[in-house]
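Notes follow the structure.
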Amino acid sequence: MEGRKSPLGTADVARESRYSVQQIRNLERDGVLPDVRRGPTGYRIYSDVHVHAARAYRELAAGVGPVEAKIVMRALYTLPKKDLLELLDAAHARLHAERQDLARAQQAVAAIAAETIDDSRSSDAMSISELADALGIRPSTLRHWDAEGLVVPRRTSTAEARMYAPSDVRDARIVHQLRLAGYGIESLRALLPDLRSTRRWTDVGEALAARDVSITNRSYALLRAAAALAPLLDYVDT
């Protein structure tokens with residue numbers, strides 16, 4: 001980064017980084033910007049590095065959210081380079097894991113939508129522990145879904161134990177995959193009645209496709225953020 005000869009004021013940094021003056025002051029307060037010098041009368045003296053830091057934060061916030069972006073920016077100025085790079089690596093890894101979960105959800109939803117349970121037998125029912133093992137989740141998760149009205153199995157006469165019929169198992173698989181894809185409890189509660197009658201699988205596919213676009217956009221923003229952070233890291237090291 002090449003610095004210009006004349007110093008910058010708050011309004012200059014705001015204009016060049018596309019923030020408001022108050023937002024620039026907030027970013028300075030939150031440690032997103034490097035330390036700001038003060039003039040003889042107390043006014044702030046900025047430079048090109050502050051503009052660059054504000055732009056880098058914008059990309060970071062688009063990629064990982066504003067809270068984590070502030071953590072990364074503060075780490076840039078206070079932690080060893082290794083620690084900063086670990087934060088960025090972890091952010092990329094989370095996006096990669098999210099993308100993998102989404103791909104599995106898309107595959108599972110397509111397969112579940114094509115299933116038929118008309119020929120199922122009562123012997124195909126599963127206990128809560130059997131279903132939890134099959135899905136790779138805890139029994140307490142299934143109990144939570146029961147309490148939320150998402151997957152409500154029948155109860156046996158023996159100690160009121162839960163027993164999941166094939167239709168319940170199918171519902172549990174749907175809920176599990178869509179939870180992995182980011183669906184909230186309220187959204188699932190509204191969606192499941194229609195999914196049971198297979199009328200809105202197109203809506204689910206569209207929602208998962210929209211999430212795919214979101215992941216791609218955040219991944220690209222994180223890539224741009226990393227590029228913007230590189231010269232800042234060199235500046236801090238000098």
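Numbers below:
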{"quantity": "Degrees separating the helix 66-78 axis from the principal Cα axis of the chain, which is the longest one", "calculated": "40 degrees"}
{"quantity": "Accessible surface of the chain, 1.4 Å probe, proportion on carbon and sulfur as whole %", "calculated": "52 percent"}
{"quantity": "Signed unit charges on C-beta, dipole axis of the chain, positive-most listed residue A14, V67, A181", "calculated": "A14"}
{"quantity": "Read-out Rg and Dmax of the Cα atoms in Å, derived from the coordinates shown; its label in (1) 25.4, 84; (2) 18.4, 56; (3) 16.5, 48", "calculated": "(1)"}
{"quantity": "The chain, dipole about Cα centre (Lys/Arg Cβ +1, Asp/Glu Cβ -1), debye to the nearest 20", "calculated": "800 debye"}
{"quantity": "Pairwise label distance in nanometres, R224 with A134, each label 7 Å out on the Cα-Cβ vector", "calculated": "4.6 nm"}
{"quantity": "The chain, relative contact order [Cα under 8 Å, separation at least 6], %", "calculated": "24 percent"}
{"quantity": "Choice from V36, V151, V169 showing the highest fluctuation, given a GNM over the chain with Cα pairs closer than 10 Å", "calculated": "V36"}
{"quantity": "Distance (nanometres) between label positions extended 7 Å along Cα→Cβ at R189 and Q22", "calculated": "3.6 nm"}
{"quantity": "Nearest 10 degrees, 0 to 90: helix 81-113 Cα axis against the chain principal axis", "calculated": "30 degrees"}
{"quantity": "Per-residue ³J(HN,Hα) for the range 130-138, Karplus 6.51 cos²θ - 1.76 cosθ + 1.60, θ = phi - 60°, Hz, x for Gly and Pro", "calculated": "5, 5, 4, 5, 5, 8, x, 10, 8"}
{"quantity": "Net charge, A62 excluded, C-beta distance under 13 Å - Lys, Arg +1, Asp, Glu -1", "calculated": "+3"}
{"quantity": "For the chain: accessible area per residue (Å², 1.4 Å)", "calculated": "56 Å²"}
{"quantity": "Estimated inter-spin distance, A161 and R94, nm [label 7 Å along Cα→Cβ]", "calculated": "4.0 nm"}
{"quantity": "The range 15-107 - percent relative contact order, Cα under 8 Å, separation 6 or more", "calculated": "21 percent"}
{"quantity": "Between 0 and 90°, nearest 10: helix 185-196 axis offset from the chain longest Cα axis", "calculated": "40 degrees"}
{"quantity": "Theoretical ellipticity at 222 nm over the chain - DSSP helices of four or more residues, -39500 (n - 2.57) apiece, nearest 500", "calculated": "-22500 deg cm²/dmol"}
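The values are calculated or read from the model by the stated rules, or taken from the named source; none is laboratory data. Since the model is a prediction, treat every value here as computed from it, not as a measurement. Quick reminder, even Gly has a Cβ in these numbers, built from the backbone with ideal geometry, and neighbours come from all protein chains shown. We work out accessible area using only protein heavy atoms, side chains counted, and drop any ligands, DNA or RNA first. Shrake-Rupley method; radii C 1.70, N 1.55, O 1.52, S 1.80 Å.
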